[in-house]
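To keep things clear, I will list the structure first and then write my remarks on it.
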Amino acid sequence: VIEVQGARQILERHGDDAFMILLEPPSQAVQTERLRGRGDDEAAVQRRVAAALNELADGRGIAHATVVNDDLARTVAEGMRILEGRLTGGLPTQ
C-alpha cells in the first residue's frame, strides 16, 4: 500500500513491470468518517479529505485498475480477480 507519489516513482523506475490498483473510498463522507474513526483530529481529517480529491484524480491517471473500497471482502476479491486477470493475460480495469 503506497501513496500516489510512491506509485509514480515505482512506475518511473519499473515501467511495464509495475501494475497499479487504485483503492478509492466509496464517497467523501465515508472517507471522512473512517478518518474520524481512526482518531484523527478534525483539522487533520479536513486536510486529508481535501488532499484526497487531488490524489484520487492523480491516482486515476496512473492506475491500471480501480477498486472501490466499500466492503473488505468484496474489495479483496475484486483485487484478486484483477491480479489473476493480469497474470493470465487479461487486463480487467474495473
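Just wondering, is there one or more residues in region 74-87 that are modelled with pLDDT under 90, exposed (fewer than 15 other Cβ atoms within 10 Å of the Cβ) and either of a type in the set (Val, Ile, Thr) or in a helix (DSSP H, G or I) (or both)?
Within region 74-87, one or more residues are modelled with pLDDT under 90, exposed (fewer than 15 other Cβ atoms within 10 Å of the Cβ) and either of a type in the set (Val, Ile, Thr) or in a helix (DSSP H, G or I) (or both).
Would you mention how many residues in region 64-73 are surrounded by 12 or more Cβ atoms within 10 Å (Cβ to Cβ) and not β-branched (Val, Ile, Thr)?
Applying the first criterion (surrounded by 12 or more Cβ atoms within 10 Å (Cβ to Cβ)) to region 64-73 yields 64-70.
Now restrict to residues that are not β-branched (Val, Ile, Thr): 64-65, 69-70.
Matching residues across region 64-73 total 4.
Name the residues in region 45-63 that are open to solvent by less than 60 Å² (accessible area, probe 1.4 Å), over 10 Å from the mean Cα position of the chain (by Cα) and touching a residue at least 24 places away in the same chain (Cβ under 8 Å), would you?
The answer is Ala52, Ile62.
Name, by its number, the condition in (1) more than 16 Å from the chain's Cα centre (by Cα); (2) farther than 25 Å from Glu12 by Cα that does not hold for Arg86.
(2)
Evaluate the following for Ala43: is it among the hydrophobic types (A, V, I, L, M, F, W, C) and within 20 Å of Glu3 (Cα to Cα)?
No, not satisfied.
Can you tell me which residues in region 15-44 are within 18 Å of Ile82 (Cβ to Cβ) and without any contact (Cβ under 8 Å) to a residue 40 or more places away in the chain?
Asp16, Asp17, Ala18
The values are calculated or read from the model by the stated rules, or taken from the named source; none is laboratory data. No experiment lies behind these values; they were computed from the predicted model shown. FYI the Cβ positions are ideal-geometry reconstructions off the backbone, even for glycines, and counts take in every protein chain you see. Surface areas here come from the heavy atoms of the whole protein model, side chains and all, with no ligands, DNA or RNA. Shrake-Rupley method; radii C 1.70, N 1.55, O 1.52, S 1.80 Å.
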